[in-house]
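Comments concern the structure below.
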Amino acid sequence: MWLTSLLGSFERQFAAVITSCICLFLLMLNALLALLNSSFLTILTVNIIVITCTILVGWRVYQRFIAPLKLLKVDINSLLKDDYNVYADLGYQSGALNHIHQDLQKLHLHFKQVKDTYTKDVYLVYRLISRFDAPVAVVDAQGNVTYMNHAFEHWISLHDKTDGSRNIQDLGMVFNDSTGWSLPDSLAVGNWRLSESQFVESNQPMSLLVLNNITSELRESERKAWHQMVRVISHEIKNSLTPIKSLTQSLLSKADISELNKEALHVIHDRSHSLIAFVKNYSEQTKTITLNVSSFSSRSLQDSLTGLIDDHHFHCQVEECQITADKVLLEQVLINLIKNSQESISVKQDEAASSQFQPKIELIIYQSTPKEKIQIKVIDNGTGFHQLSDLFVPFYTTKPEGQGIGLYLCREIIEKHHGKIDAKNNDGAGACVFIELPGQQS
């Protein structure tokens, strides 16, 4: 057991073999000198010379055999450290060591190609991530953000209350061994959902986090629910009001009806007719919108609107850009928004002294670059919106004669173009409705 422990390495075993050979050689040499009756001084001198030479030769042989193994260790260490540009030359042109060296060189080349391909793939992935509209980030096991696109930076600026920390745990995200990273309750109950994928980069486990805004999916579910409700209500209202309308007509045709009853029947008849017409109109307008998309200039849109809107309070700031949309439907949206602004200003004029109030309606259209989104704004200094949260809800209206379908249809049309529409009240007075449409697709 002690011998196995003592000779546990290749170097020690090799040194033991050389030492054994030297000892055997010295034993044979001394035996030969003894047979020749050599003097003690001669034997001692010969032993010193032979031992010195054999030690030098043995050490040289030992170094010659061990050195290639150390060079092979350098090769293997460079592979372990992902350094594929460093490899040793063993100095042998043939034999087993040369074959091992050639195989290691092939491994170096193979792993170098794999690394180069991986580096290119990672670079390409990061380039793609940078162009995503959705917030995307790469984080390590501790939650430190190693890379994020502009959308994620913007998302952090909206939700991060810390001093610009680059750790997602500061946003309230929690890591679970079974489910991975999850959003805090304050964000999970909203319109954001988190998707996660794991990968390895530089031998470190990483997570790719993608935040998805599911507003459009929720909006689509809401839209289907409204349409289903409208179909049911329309059917029930028509079935109920049609016989009432017919009955009132029959009663009105009789001659023995008093004027008071006749007036009441006229009211019933007219209201039945109006309600049936409203339901029919809304059913028609809430049918699936079909787009007739074309490319047109912002100037032509401006010319169409100024030709339709005769209002000296209406002004345009339109930059030249190409819009890809259904021009007729987009005009209808803008006309509806401008009409709302006119009505808001009219109410404001009735409330304020004419000399103190200067009405203003402004249409702004601009685009930073051809690939950027097109921005459209309708701004006025009227009364503003009373309840922004219900603005795009069907049937919601604050107007005495309103039906509550105008802004709802505006949103339907804009979202059909894969755009966005929203509104806010200005700090001073009035409101601003802003529309975002996709730019030119490359």
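Residues of the stretch 201-215 being loosely packed, with under 12 Cβ neighbours inside 10 Å and at pLDDT below 75, which ones?
First, pick out the residues of the stretch 201-215 that are loosely packed, with under 12 Cβ neighbours inside 10 Å: 202-205.
Correct list: SER202, ASN203.
Please work out if GLN169 is modelled with pLDDT of 70 or more and exposed (fewer than 14 other Cβ atoms within 10 Å of the Cβ). Let's see the steps before the verdict.
On the way: modelled with pLDDT of 70 or more: yes; exposed (fewer than 14 other Cβ atoms within 10 Å of the Cβ): no.
It is false that GLN169 is modelled with pLDDT of 70 or more and exposed (fewer than 14 other Cβ atoms within 10 Å of the Cβ).
Got a number for residues in the stretch 369-385 being in a loop (DSSP other than H, G, I, E, B) and under 34 Å from the mean Cα position of the chain (by Cα)?
Summing the residues that are in a loop (DSSP other than H, G, I, E, B) and under 34 Å from the mean Cα position of the chain (by Cα) in the stretch 369-385 gives 6.
Determine which member of the set ARG223, ARG193, ARG219, ARG231 is modelled with pLDDT under 75 and either within 20 Å of the chain's Cα centre (by Cα) or assigned to a strand (DSSP E or B) (or both). Spell out the reasoning first.
Numbers: ARG223 fails: either within 20 Å of the chain's Cα centre (by Cα) or assigned to a strand (DSSP E or B) (or both); ARG193 fails: modelled with pLDDT under 75; ARG231 fails: either within 20 Å of the chain's Cα centre (by Cα) or assigned to a strand (DSSP E or B) (or both).
The match here is ARG219.
The values are calculated or read from the model by the stated rules, or taken from the named source; none is laboratory data. Bear in mind the structure is a predicted one, so any value in this text is a computation, not a measurement. Neighbour counts are summed over all protein chains in view; Cβ atoms, including those assigned to glycine, are modelled from backbone coordinates with ideal geometry.
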